[in-house]
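Peer 1: Starting off with a structure, shown below.
The values are calculated or read from the model by the stated rules, or taken from the named source; none is laboratory data. Bear in mind that the values here come from a model prediction, so they are computed numbers and not experimental data. With ideal geometry, Cβ positions are generated from the backbone for all residues, glycine too; neighbour counts draw on all protein chains shown. For the accessible areas, the whole protein counts, side chains as well, though only heavy atoms, and no ligand, DNA or RNA atoms are used. Shrake-Rupley method; radii C 1.70, N 1.55, O 1.52, S 1.80 Å.
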Amino acid sequence: MILLGLASCHKSRVVNTSFYYWKTVYETNATEKRYFDTLHCKKLYIRIMDVNNGDNGAVPVSPVIFNGTLPDSVELVPVVFIVNDVLKHQTHQQIKGLAGKIVYYVNGRIRPSGRASYKELQLDCDWTQTTRDNYFYLLNCIKTNISLKNKRISATLRLHQLKNQKSSGIPPVNKVMLMCYNMGNLRKYGNQNSVLEQSELEKYVGKNLSNYPMPVDVGLPIFSWAVVFRQKQYAGISKRLHQEDFSDHQIFKANGGNLYTLQKHLPRYGLLRGDEVRWEQLSAGQLLSAANYIQKYISSDTVNIIYFHLDEPTLKHYTYEDLEKTTAVFR
């Protein structure tokens, strides 16, 4: 009877599924739309631009171009990525000016999407202890911008910022989005998976998440990439390689795990014979395991699960059922 009583008091969490859109051109795609609609998504988090240093201060980089409008049923959440170095050696006056420029630029850039306004603006920055005060001042300046009155401001949260709350601080926003990916050392040679490894995840989450003093949404990775090493030194990411390429054993020799060695030059890819490639991808089972662990420490009654990102080549590695099953563990 006690167990029945406890069960009757349990309140299901409201869980919403969303995607990031991290491409420089927005256009409709049948496969991407099918995934979006099948998973009953209502929001799309679109990267509007990066902010990086230019010759005369901070400038917008690679802004998105809308080659089509969003469906009326979809809420647009504009996202701005700020390079951490932009925040260094800035006066409060300069930061205040930057905040105004960001808001003005976003408000203008979204119009071709068919949206005159938005309910939430998200800032994405891997701030550090040395840039924390300037970043938080920027967030406060954005929050108080008159054109954002009654709008939510959210910020992304890396795992190291979650764990080191005292030194990293708590951003002055309405909510955060925990990025549960890019947690390993990408540049380190070996057969690890820098996208997501369960053992690394568990070092950061736990009570750090359950005790976080504001609502937390969760970002999960569905992307993959090919990390290149030349003479065991990091040489970059090959964006042109895909998983099916590694099935050609005349070109790629399997070294065990997720490492492959090139057997011949591939000039069109910028690769040389002897280069080693680490293919990093998360299986549906690994994604589900990560979700099962994270959900135990979510204290919010409502949470958004946001997959990175809405892109046909990325989506083909997962079925609708894979992603729905992962989302369902948070309910």
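Peer 1: Among the residues that make up segment 230-250, is at least one of them assigned to a loop (DSSP other than H, G, I, E, B), closer than 28 Å to Tyr21 by Cα, without any contact (Cβ under 8 Å) to a residue 24 or more places away in the chain and not aliphatic (A, V, I, L, M)?
Peer 2: yes
Peer 1: Looking at Val15, Val83, which one is modelled with pLDDT of 95 or more and more than 19 Å from Arg152 (Cα to Cα)?
Peer 2: Details: Val15 fails: more than 19 Å from Arg152 (Cα to Cα).
The match here is Val83.
Peer 1: Could you grab the pairs with beta carbons closer than 7 Å, sequence gap of 6+ or different chains, first residue in segment 118-134 and touching a residue at least 40 places away in the same chain (Cβ under 8 Å) and open to solvent by 50 Å² or more (accessible area, probe 1.4 Å), second one assigned to a loop (DSSP other than H, G, I, E, B) and not β-branched (Val, Ile, Thr)?
Peer 2: Short answer, once both residue conditions are applied: Lys119/Lys151; Asp126/Arg158.
Peer 1: Could you check how many residues of segment 25-45 are modelled with pLDDT of 95 or more and open to solvent by 70 Å² or more (accessible area, probe 1.4 Å)?
Peer 2: Going through segment 25-45 one residue at a time, the tally reaches 7.
Peer 1: From the list His249, His242, which residue is modelled with pLDDT under 90 and either exposed (fewer than 15 other Cβ atoms within 10 Å of the Cβ) or over 18 Å from Val303 (Cα atoms) (or both)? Even if it seems obvious, please write down each step before you answer.
Peer 2: Numbers: His249 fails: modelled with pLDDT under 90.
Within the list His249, His242, the selection yields His242.
Here's the yes/no breakdown for (1) in a helix (DSSP H, G or I); (2) over 20 Å from Val329 (Cβ atoms):
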{"position": "Ser194", "(1), (2)": "no, yes"}
{"position": "Ser199", "(1), (2)": "yes, no"}
{"position": "Glu202", "(1), (2)": "yes, no"}
{"position": "Tyr212", "(1), (2)": "no, no"}
{"position": "Gly219", "(1), (2)": "no, no"}
{"position": "Val228", "(1), (2)": "no, yes"}
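Peer 1: Among the residues of segment 262-308, which ones are within 27 Å of Phe229 (Cβ to Cβ) and open to solvent by less than 20 Å² (accessible area, probe 1.4 Å)?
Peer 2: Residues satisfying the conditions are Leu262, Leu266, Leu271, Asp275, Val277, Arg278, Glu280, Leu282, Leu287, Ala290.
Peer 1: Something else now. Within segment 64-73, how many residues are open to solvent by 40 Å² or more (accessible area, probe 1.4 Å) and either of a type outside the set (Gly, Ala, Ser) or part of a strand (DSSP E or B) (or both)? Reasoning before the result, please.
Peer 2: In the first step, residues of segment 64-73 are kept if they are open to solvent by 40 Å² or more (accessible area, probe 1.4 Å); the result is 65, 67, 69, 71-73.
Subset that is either of a type outside the set (Gly, Ala, Ser) or part of a strand (DSSP E or B) (or both): 65, 67, 69, 71-72.
Result for segment 64-73: 5.
Peer 1: Given (1) surrounded by fewer than 19 Cβ atoms within 10 Å (Cβ to Cβ); (2) touching a Ser or Thr at 6+ places or on another chain (Cβ under 7 Å); (3) within 30 Å of Thr326 (Cβ to Cβ); (4) at pLDDT 95 or above, where does Leu76 come up short, assuming only one miss?
Peer 2: Evaluating Leu76 over (1) surrounded by fewer than 19 Cβ atoms within 10 Å (Cβ to Cβ); (2) touching a Ser or Thr at 6+ places or on another chain (Cβ under 7 Å); (3) within 30 Å of Thr326 (Cβ to Cβ); (4) at pLDDT 95 or above leaves (1) as the failure.
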